[in-house]
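Worksheet: the structure to be examined is printed underneath.
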Amino acid sequence: MRALDPLTGEEAWHYTRDNARLCGLTVTDGVAVAVFRTEQRCDEAVGLDAGTGVRSWTRNLDLRGDAVLTSTAQIVLAASPTGVLTFDPVGNNVRWRAGAPGGCEWLSAAAGSAGVAVLQRCAGGDAVQLRLYDGFAGSEHWTVDVPAAEDADVALLGADGLLGVRVDGEVRLFAQEDGRQRATVPVAGDDAAQTSAAGLVLVRAGGTVSAFDPAGGLPRWTAPAEGLPTPTAAGVPEVVLPTAGGFVVRNALSGEEVARWVADDVPPGGTVGVVGPVVVLRLDDEVRAYR
């Protein structure tokens, strides 16, 4: 694991294990949480101060080797096809576990401001089920059927404000209160992603980003973009969107363009964060910084 200075790209700190393999890494609440596999399962977790790399805690876990690690504020989520586990990134205690019902497989899971969402498919059905759990207590809020053919390509996009599920060429957005479908967004293939900004839900479908009000699912604004901003709090007034020709600063609530920064060869599909004078673009296989 390496932490890089966002201004220079130089290594700020690193953490190395010679006797284990890294299963997954996520960062939240100022803590970098990594899970390692020492034998057949992912069985050891460590929390490091994200600014210094100093170890805060370690604990034993019992996760499948294919567990996926993600996080949101105050919650680290480990998900696999048979179940999920959540724990506190600061205090390292396991909060709760939940398992897939008999005959069902959990396709994916996501943690967000709405809680922990799980997308499952059960044998012999012509729908997938979207389930929402309380992120801290683990109690189930609701389960709804999402019509999808047995061979449909489905994916869970997020659980912030509205819960997003892509079914083939359509993104469907569901209310966190009761699971009712609020809006749909057409998408070509699987090129879709979701995040939140200033209390709105942002959905990217191809080269377009649309912002939705989670209260009623109504669209607020639409703009061209090749990626998404990192999640921002409700009080943050602006978002930065990547485009093929650079980065566009927009009013987060209205979508109005505020400024434009020219940059060459910005790859599509990234996530943008701003650290001081630097725009950081995170891709699946690379991190770039622009000044």
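Residue count for segment 58-83 under the criterion of being open to solvent by less than 30 Å² (accessible area, probe 1.4 Å) and in contact with a Leu (Cβ under 6 Å, 6 or more places away or on another chain): the result is 1.
If a residue must be surrounded by fewer than 23 Cβ atoms within 10 Å (Cβ to Cβ) and closer than 19 Å to VAL274 by Cα, how many such residues does segment 191-223 contain? Residues meeting the conditions: 2. Within segment 265-276, if we keep just the residues that are under 18 Å from ASP5 (Cα atoms) and exposed (fewer than 12 other Cβ atoms within 10 Å of the Cβ), the residue that is nearest to the chain's Cα centre (by Cα) turns out to be VAL275.
In segment 108-132, how many residues are of a type outside the set (Val, Ile, Thr), closer than 16 Å to ALA73 by Cβ and part of a strand (DSSP E or B)?
Residues of segment 108-132 that are of a type outside the set (Val, Ile, Thr), as a first pass: 108-115, 117, 119-127, 129-132.
Next, from what is left, pick out any that are closer than 16 Å to ALA73 by Cβ: 110-115, 117.
Of the ones still in play, those that are also part of a strand (DSSP E or B) are 110-112, 115, 117.
Result for segment 108-132: 5.
Taking the criterion of being under 15 Å from GLY115 (Cβ atoms) and in contact with a strand residue (DSSP E or B) (Cβ under 8 Å, 6 or more places away or on another chain), the residues of segment 166-193 that qualify are PHE174, ALA175, GLN176, ASP178, GLY179. Checked against the criterion of being over 26 Å from GLY83 (Cβ atoms), touching a strand residue (DSSP E or B) at 6+ places or on another chain (Cβ under 8 Å) and of a type in the set (D, E, K, R), the candidates GLU140, GLU226 yield just one match: GLU226.
The test for being of a type in the set (Asp, Glu), closer than 30 Å to ASN92 by Cα and at pLDDT below 95 does not hold for ASP190.
Within segment 1-57, the set of residues being open to solvent by 50 Å² or more (accessible area, probe 1.4 Å), closer than 21 Å to THR230 by Cα and part of a strand (DSSP E or B) comprises ARG2, LEU4, LEU25, VAL27, ASP49.
Condition check ((1) touching a helix residue (DSSP H, G or I) at 6+ places or on another chain (Cβ under 7 Å); (2) open to solvent by 30 Å² or more (accessible area, probe 1.4 Å); (3) within 19 Å of VAL201 (Cβ to Cβ)) across all residues:
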site: VAL236; (1), (2), (3): no, yes, yes
site: ALA263; (1), (2), (3): no, no, no
site: VAL278; (1), (2), (3): no, no, no
site: ARG291; (1), (2), (3): no, yes, no
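Quick check, is PHE174 within 19 Å of the chain's Cα centre (by Cα) and part of a loop (DSSP other than H, G, I, E, B)? Quick ask: steps written out before the conclusion?
Numbers: within 19 Å of the chain's Cα centre (by Cα): yes; part of a loop (DSSP other than H, G, I, E, B): no.
No: the conditions fail for PHE174.
Checked against (1) exposed (fewer than 13 other Cβ atoms within 10 Å of the Cβ); (2) within 14 Å of the chain's Cα centre (by Cα), ALA123 meets all criteria but (2).
For beta carbons closer than 7 Å, sequence separation of 6+ or different chains, a first residue in segment 1-21 that is closer than 24 Å to ARG291 by Cβ and among the hydrophobic types (A, V, I, L, M, F, W, C) and a second that is open to solvent by 90 Å² or more (accessible area, probe 1.4 Å) and not in a strand (DSSP E or B), the qualifying pairs are LEU4/GLU10.
For segment 168-185, the condition holds for at least one residue, the condition being that it is within 20 Å of GLY135 (Cβ to Cβ), surrounded by fewer than 14 Cβ atoms within 10 Å (Cβ to Cβ) and modelled with pLDDT of 95 or more. The residue list GLY164, GLY135 contains one member that is open to solvent by less than 20 Å² (accessible area, probe 1.4 Å), in contact with a Lys or Arg (Cβ under 9 Å, 6 or more places away or on another chain), in contact (Cβ under 8 Å) with a residue 24 or more places away in the chain and not in a strand (DSSP E or B), which is GLY135.
Scanning segment 238-261 for residues that are assigned to a strand (DSSP E or B), among the aliphatic types (A, V, I, L, M) and open to solvent by less than 30 Å² (accessible area, probe 1.4 Å) yields VAL239, VAL240, LEU241, VAL248, VAL249. If you go through segment 92-101 and keep only what is over 19 Å from LEU130 (Cβ atoms) and either charged (D, E, K, R) or open to solvent by 40 Å² or more (accessible area, probe 1.4 Å) (or both), you end up with ASN93, VAL94, ARG95, ARG97.
The values are calculated or read from the model by the stated rules, or taken from the named source; none is laboratory data. It should be emphasised that the depicted structure is a prediction, and the values quoted were computed from it without experimental measurement. Don't worry about glycine lacking a Cβ; one is built from the backbone with ideal geometry, like all the others, and counts go over all protein chains shown. These area figures cover heavy atoms from the full protein model, side chains too; ligands, DNA and RNA do not enter into them. Shrake-Rupley method; radii C 1.70, N 1.55, O 1.52, S 1.80 Å.
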